[in-house]
Structure formats: C-alpha cells, structure tokens
Amino acid sequence: MYHFALSQAYQVILRDVPADHVLQSSEDSRVFKPVCWVEDSILPEPPLKLQNTTNSFTNTQMTAAIQWSCQQLQREDAIYHGNGIASAKRTLQYLKYICLHPDEPKYRKLRIGNKIFQQTIYNTGARGILLALGFEELYGYLECGPGSGKCLGLDRIQQISNAMMIVNQTLKIMQDESSSDIAQPQGGDGYGRAGFGYAGGMS
C-alpha cells in the first residue's frame, strides 16, 4: 500500500486488488482484473466488485467528483487562457448528444485517439467529469453503457443532465472571469492555486 499526498486535504492510496475482485464493463459482461487499485475519495474510480455482486457509486459521490473536476477546469483556464472554456463546451456537446440520443450507443463511445478529444477532454479535468458519470476506458475508447443497442435509463439521463448543469455553471463563471480579465485559479486561500497569496499582494 502506498500513500500520495497531493495536498494537505487530498490524498490517494494505491492498494493491491483483493482476491476475486474485478472491474466489470458497462458495455457487456466482460470483467477485468486491475494491476492495482486507486483509492480516491474525491474522484473514485468505477467500483470494484465481487463476481455476481453489485456495488454502487452514489449520486452524492458523483456530484462531488464532477464539482472537483469542474474546479480543475477553472484552474486550467486561469493558467492557459481559454482552455477550460473549450473543454467545458466540448464536454457539454458530448453530453448533449448522449441525452438527445439515449438509444444510440455510438454517442456513448468516445475515441481516445481523436486529437480534439485528447486536447479538450482526455488531458484535462473534463476527463474526470466523464469518469464520474461512469465512463470506462476500454480498448482505446471511453465508453458509457449500456451497449448493444440498449437505451439509457431515465436515472442515467437525469445524472447526465445534472452534470450538464454543473458544467454549464462552471462555463459561465470562466466566461465572466475571462471578460473581466481577473481570472485566478481556485485554491486553499481563495486566491492562488497553492495558497501563496493573491496576484499583486506578494512582496
């Protein structure tokens, strides 16, 4: 077991995978044995499960993970002006198509090798939003089940709609900060990313 402290309030733990525990694809019945398990209280990975049992990722956990990922988008936008806005817009576009076509699995299967997807989603905080919604990385794609022509249930559509509301609120905040030219990444002291004081206030 290994501990990694990313900040005073945020730590992740690497653990060995317990015997007989697996990850199950939401696309079909395939199961996978991870090499290790990442215990992350803020942005949990899809839950480990025993064969023939179920495990749930609560709506509260999902919302917390999405909000954390959106804060990361704000940090990225403050550092690389416009990147967070582009990521939020692209995320909303993907999620909108999923909600508009809940019976079309192709809209829930995103190719990781796509250059635009890598720049705006995969290598940004936006990937955390998709992971929180249950997307899983399988064979070069980020996928969100069910597959095989099955339609998304109303509860999943509601979860995605709620995520869109959070992302849209974050987008408006970033656009307002961009227009006022006062963008600062959110941090522990409310000013800077690592609590080193606000811009112009350091001697």
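The values are calculated or read from the model by the stated rules, or taken from the named source; none is laboratory data. All of these numbers come straight from a predicted model, not from anything done at the bench. Cβ sites come from the backbone with ideal geometry, for glycine too, and all protein chains shown count toward neighbours. These area figures cover heavy atoms from the full protein model, side chains too; ligands, DNA and RNA do not enter into them. Shrake-Rupley method; radii C 1.70, N 1.55, O 1.52, S 1.80 Å.
Within the set P47, P34, the sole residue that is at pLDDT below 95, outside any helix (DSSP H, G or I) and touching a Phe, Trp or Tyr at 6+ places or on another chain (Cβ under 7 Å) turns out to be P47. Within region 93-111, track down each residue that is under 13 Å from I160 (Cα atoms), open to solvent by 30 Å² or more (accessible area, probe 1.4 Å) and among the charged types (D, E, K, R). Passing the criteria: only K96. Among what's in region 112-142 and is among the hydroxyl-bearing types (S, T, Y) and assigned to a helix (DSSP H, G or I), pick the residue that is most open to solvent (accessible area, probe 1.4 Å). It comes out as Y122. Checked across region 80-92, the condition of being hydroxyl-bearing (S, T, Y), out of contact with any helix residue (DSSP H, G or I) (no Cβ under 8 Å at 6 or more places or on another chain) and either open to solvent by less than 30 Å² (accessible area, probe 1.4 Å) or at pLDDT below 95 (or both) holds for at least one residue.
Which residue is modelled with the highest pLDDT, if the candidates are limited to region 125-157 and must be over 9 Å from the mean Cα position of the chain (by Cα) and under 21 Å from E76 (Cβ atoms)? Checking each candidate, the answer is L142.
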